[in-house]
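Inspection log for the structure reproduced underneath, given as structure tokens.
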Amino acid sequence: MRAARVAGLLAALGAAPVFAHHSGAMFDYDRSVTLVGTVKQFQWTNPHCWIELSVPGKNGTVEEWSVEMGAPLQLYQGGWKPGTLRPGDEIRVVIRPNRDASVKAGLFVSATGSDGRVLGKQP
Amino acid sequence: MNVRRARLVIFAALLVAAGSFGQPNGGDRARFFATLPNWTGYWIADDGVMNALGVSGRTEHGAVDYSKMKVNAPASYTPEWAAHVEAARKDPTRELHKECGFPFPFMMESPWVLQFLITPEETAVIVAGREIRHIYTDGRKHPSAEDVWPTPWGDSVGKWEGQELRVDTIAVQPSTFPPMVSERAHFTERIRMVSPNRIEDELTIEDPVALVRAWQTTIPYERVAGLDRMVHGDCQENDRNPVVDGKLTIAPAR
């Protein structure tokens, strides 16, 4: 009986569910990257919203980054609206980058507008 | 017998008189409806996990203490079922799985807000992820064995004991979401409002295949402030997370 109880305990703790649409294992939570660029597109879509950001790179190049956010309802609860970002907006975004550096993408952490105002509801 | 209980008894008698799917009409229905609690609004599990997610849908640091989840409370599994659970946990394809809705009982503690839509005949639990449970309170019983089959949300019937909804659920498809139990699992719940901004769902599972003894947890809900309508999710509208070369990745914008 004791063996069964211990096995059950381990199993329960280990059966970690995927909360969101997919696992977040692709993101590197030990690193943060700050992107400063121009909003190309703000996708207010399910299952994730996305900020498409044009970021000036080296030698006059422009890198296109994709920033993954939650679902529209989760953004709305956090004070975001479909019109919070518009193409051409200059913003600064902090992300947890993709572990695969060849993928210019990451998980949203926070964003500030060109006026320094933090976007979304403040805690 | 207090007045509310007397009304409940009268209502139940009317249902019996009308047949198992009959509905009392007019004043009787309205009077019974008036005795039911008002749980309007939107609710989210107050577990320090689901109500702690940010606009990314995750935590900033990625680390989530799964052990805080009420539906992930340790279970006393039989040795055979514990091995089954452990195998599921070690499944290397688990990380590649993408969600398109949550089964019962995990849906009662999902990242989405939910609502309790109460009528005399049924209470619907509607989750923003578009999962819906129909808890019939019109006096019916579960379907007979030949008329019921396992589904992700099972078959639920309920009855009001004063302001508390008692629910009985069977025929839930086994899944890898906690708590992992078998198709033979029998779920009972006592759902009640404990204060104007708090509801609790006391959930008990008995399962002769998976559990050595009954498993129990209580899922607390807090009222979601500032949300005045339900906005549903959808897993397919703009799915930019394909699996490429055995890994989840992010696709460019279309």
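Where a number appears in this text, it was derived from the coordinates with a stated rule and is not lab data. Computed from a predicted model, the values in this text were never measured in an experiment. Virtual Cβ from ideal backbone geometry, glycine too; neighbours counted across all protein chains shown.
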Chain B - Kirkwood radius from inverse mean 1/r over Cα pairs (Å)
20.1 Å
Compactness of the protein assembly as shown - radius of gyration and Dmax, Cα, Å
23.4, 83
Just counting partner chain Cβ atoms within 10 Å, what average do the residues of peptide A:44-55 show around their Cβ?
4
Kirkwood Rh, Cα Rg: Rg to Rh for region A:21-113?
0.95
Cα-Cα longer than 32 Å, checked against B:70/B:98; A:121/B:68; A:121/B:159, kept in input order, equals A:121/B:159
Over all residues in B:79-85, what is the mean tally of Cβ atoms on other chains that come within 10 Å of each residue's Cβ?
4
When you count, for each residue, the other Cβ atoms within 10 Å and take the mean per peptide, how do A:69-79, B:145-155, B:194-204, B:35-45 rank with the highest first?
A:69-79, B:35-45, B:194-204, B:145-155
What percent does the relative contact order of chain B come to when contacts are Cα pairs within less than 8 Å and at least six residues apart?
20 percent
